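Structure first, commentary second.
The values are calculated or read from the model by the stated rules, or taken from the named source; none is laboratory data. Computed from a predicted model, the values in this text were never measured in an experiment. We place every Cβ from the backbone using ideal geometry, glycine too, and count neighbours over all the protein chains shown. Ligands, DNA and RNA are excluded from the accessible area calculation, which covers all protein heavy atoms including side chains. Shrake-Rupley method; radii C 1.70, N 1.55, O 1.52, S 1.80 Å.
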Amino acid sequence: LTAETTIADEQLREEYDLAYGDRLQVRHIQLGNLADAARIKERLAAGEEFAELAARYSTNVTTARRGGLLDAFSIRDEHIPLAMRQTAAKLTASEVSDVVRVGEWYHLLKLEKQILAEKRDFESVREVLQKRIEVRLTDARMRDLHEKLFNEARVQIPDPLLREAYQAAHP
């Protein structure tokens, strides 16, 4: 990757802002429909603990295990859906959002805390920032290459049951 890609100083500065700038620590509960989201919102209003409800009802298995806790993120972090970033940015500490729809999912958010920017010397973290960008670019290229190879492959499966299963999984 490094032989093919030059990472500009501007990219490093953006990565610095994402990693060390102001961030938000948020919990979320991801649900499959609006009715479930409304029921959980009522339970929260009645005083039930957000983390407990997230662990029990969130469809996001990864964050449910952590009581809905997401990794801290910047308002500019494009890995977090825009609707969630905008909603979280408007919350005050411990406040729970209204239902936020992202694609097919419904989310409730709770702002745990705002994390103020860390004062780190840019040059002292330059290498770490470079590695973060390289990993992200490499992962994206690997996904693209995998998709290209998969789409170009000519797969022949003589067994009819396996062929049917394969075609169902890869329409």
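Mind checking whether some residue in region 32-55 is of a type in the set (S, T, N, Q), farther than 30 Å from Leu137 by Cα and at pLDDT 95 or above?
yes
Determine whether Leu116 is at pLDDT 90 or above and open to solvent by 70 Å² or more (accessible area, probe 1.4 Å).
Judged against the criteria, Leu116 is a match.
Out of (1) over 18 Å from the mean Cα position of the chain (by Cα); (2) among the aliphatic types (A, V, I, L, M); (3) farther than 25 Å from Arg39 by Cα, the odd one out for Leu91 is which?
(3)
State the number of residues belonging to region 98-108 that are in contact with a Lys or Arg (Cβ under 9 Å, 6 or more places away or on another chain) and either more than 16 Å from Ala35 (Cα to Cα) or open to solvent by 60 Å² or more (accessible area, probe 1.4 Å) (or both).
Residues meeting the conditions: 1.
Filter region 127-171 down to the residues that are among the acidic types (Asp, Glu) and open to solvent by 80 Å² or more (accessible area, probe 1.4 Å) and list them by number.
Passing the criteria: Glu127, Asp144, Glu147, Glu152, Glu164.
Out of curiosity, is Arg43 open to solvent by 20 Å² or more (accessible area, probe 1.4 Å), in contact with a helix residue (DSSP H, G or I) (Cβ under 8 Å, 6 or more places away or on another chain) and under 22 Å from Leu70 (Cβ atoms)?
yes
Would you pick out the residues in region 12-62 that are of a type in the set (S, T, N, Q) and under 16 Å from the mean Cα position of the chain (by Cα)?
Scanning region 12-62 gives Gln25, Gln30, Ser58, Thr59, Asn60, Thr62.
Do we have any residue at all in region 64-73 that's over 14 Å from the mean Cα position of the chain (by Cα), open to solvent by 50 Å² or more (accessible area, probe 1.4 Å) and of a type in the set (Asp, Glu)?
No, because not a single residue in region 64-73 is over 14 Å from the mean Cα position of the chain (by Cα), open to solvent by 50 Å² or more (accessible area, probe 1.4 Å) and of a type in the set (Asp, Glu).
Confirm whether Ser124 is open to solvent by 70 Å² or more (accessible area, probe 1.4 Å), among the polar types (S, T, N, Q), over 13 Å from the mean Cα position of the chain (by Cα) and farther than 18 Å from Leu24 by Cβ.
In short, yes.
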